[in-house]
């Protein structure tokens, strides 16, 4: 079936089978490989992207059902200027192998935007097998602290 | 995933007129299609149907396509409902999953989810490996010789405690059913999970007004602190006046094949003072008729303690 997607501000048209997930459409058809395929079962959070501004799991989303704009980790930076959350992940060394990082960042952006009361609880849907959790929380706190001081 | 046809009906009538499996958030359906547990030939994407809205004018009306995160954040939602939702899944899944879909989610029993083994719920008559197998997570209440799988929804436990009803629309008209009657215990037909008829769709959830449910909570005990299904949970609402419990609502999750209302516990609470002794005596009635399996005997005492903890939580001020 023919579908159209808005990916990081760009319109894309493609023809997909109904069972193609947003994750596979992004990675295999549009070469948007920031979202990662970890479990492919909605359990690990590595595929987290924003649809309509809210974090969702691209692996459990059928591409043909997406009607709102999609933002992936590739859509956060402005040119060479990293998004504050991306910069905080660099500053706080909030990763080791990096496989979960794009998903972590997409959830962390929402954590900052929503000013959530409990970062660890909010981020529990993003697993990190390297266990970089303390530094991930520090990265979120860094951005929130900067926001509070403005 | 097996090939299927996907359409997006534009009206409720069109959706009801087309045979197929309804898709809302997809967090259950797409997952189980990947596992080959569900193999629909036609899928109907219902996300553009006008089944949204949260109305708190008289009680609570929740459109079936509202997302879990929006209902949890709504100021007019009772605490027991918002807490049950916020203790469910992850924030990504709560942004995706609809209220109707949450109520229709399937059990997390590992045998149900694995098509290489028998399961009476998935393939009637094939057998139940959980009866003698890995059954630590399984039910102790409402079980049968054919199925011991727990119901997975936290929200449904809170809603059953509040006497919620679901509105069902079908091509022959609409009806409302008490959520407690909507779910079927497995008995000898575990494949029949709900009262929903072929072609019917949940259109909204109706929670009767209950002002004293402002004093309510949901306590969930699980193997991990977050992002895990319940080993045991308790939904509690209490009406306390002049140091007496006037009325009570108590339901349990994670321990039963359906969301489990506990009228005997509620009866034992009514008229009594909100004390530890009252709570212990009432909670002792929660596990009457419980049938532990080889691996889940801990769930009976855990249920009693979870109920006591929830009761203590909503009466902290009274006991101070």
Within the stretch A:59-71, residues being surrounded by 19 or more Cβ atoms within 10 Å (Cβ to Cβ) and either more than 7 Å from every other protein chain (Cβ to nearest Cβ) or over 21 Å from residue A:15 (Cα atoms) (or both) number 5
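Of all residues in the stretch B:63-77, which are part of a loop (DSSP other than H, G, I, E, B) and either within 14 Å of chain A (Cβ to nearest Cβ) or buried (at least 24 other Cβ atoms within 10 Å of the Cβ) (or both)?
Step one: filter the stretch B:63-77 for residues part of a loop (DSSP other than H, G, I, E, B), giving B:64-66, B:74-77.
Selection gives B:64, B:65, B:66.
Quick check on residue A:93: is it modelled with pLDDT of 95 or more and under 30 Å from residue B:29 (Cβ atoms)? Show your work before the answer.
Working: modelled with pLDDT of 95 or more: yes; under 30 Å from residue B:29 (Cβ atoms): no.
No, not satisfied.
Check A:49, A:56, A:85 and return the single one that is more than 14 Å from every other protein chain (Cβ to nearest Cβ), buried (at least 23 other Cβ atoms within 10 Å of the Cβ) and touching a helix residue (DSSP H, G or I) at 6+ places or on another chain (Cβ under 6 Å). Before the answer, list the steps.
Numbers: A:49 fails: more than 14 Å from every other protein chain (Cβ to nearest Cβ); A:56 fails: more than 14 Å from every other protein chain (Cβ to nearest Cβ).
That would be A:85, the only listed residue that is more than 14 Å from every other protein chain (Cβ to nearest Cβ), buried (at least 23 other Cβ atoms within 10 Å of the Cβ) and touching a helix residue (DSSP H, G or I) at 6+ places or on another chain (Cβ under 6 Å).
Quick check: is even one residue across the stretch B:252-261 more than 14 Å from the chain's Cα centre (by Cα) and modelled with pLDDT of 95 or more?
If we filter the stretch B:252-261 for residues that are more than 14 Å from the chain's Cα centre (by Cα), which is where we start, we get none.
No, the conditions are met nowhere in the stretch B:252-261.
In contact with a helix residue (DSSP H, G or I) (Cβ under 7 Å, 6 or more places away or on another chain) and in contact (Cβ under 8 Å) with a residue 40 or more places away in the chain: does that describe residue B:135? Write out each step before concluding.
Numbers: in contact with a helix residue (DSSP H, G or I) (Cβ under 7 Å, 6 or more places away or on another chain): no; in contact (Cβ under 8 Å) with a residue 40 or more places away in the chain: yes.
No.
For every residue, the table says whether it meets (1) touching a helix residue (DSSP H, G or I) at 6+ places or on another chain (Cβ under 8 Å); (2) at pLDDT 95 or above; (3) more than 14 Å from every other protein chain (Cβ to nearest Cβ).
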position	(1), (2), (3)
B:13	no, yes, yes
B:16	no, yes, yes
B:42	no, yes, no
B:54	yes, yes, yes
B:79	yes, yes, yes
B:92	yes, yes, no
B:108	no, yes, no
Listed by first then second residue, the pairs whose first member lies in the stretch A:110-135 and is at the interface with chain B (Cβ under 8 Å from one of its Cβ atoms) and without any contact (Cβ under 8 Å) to a residue 24 or more places away in the chain, whose partner is surrounded by 14 or more Cβ atoms within 10 Å (Cβ to Cβ) and not in a helix (DSSP H, G or I), with beta carbons under 8 Å and at least 6 positions apart or on separate chains, are A:120/B:226; A:121/B:226; A:122/A:116; A:124/B:90; A:124/B:226; A:124/B:227
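The values are calculated or read from the model by the stated rules, or taken from the named source; none is laboratory data. Note that this is a predicted model, so its numbers are computed, not measured. Using ideal geometry, Cβ is built from the backbone for each residue, glycine included, and neighbour counts are taken over all protein chains shown.
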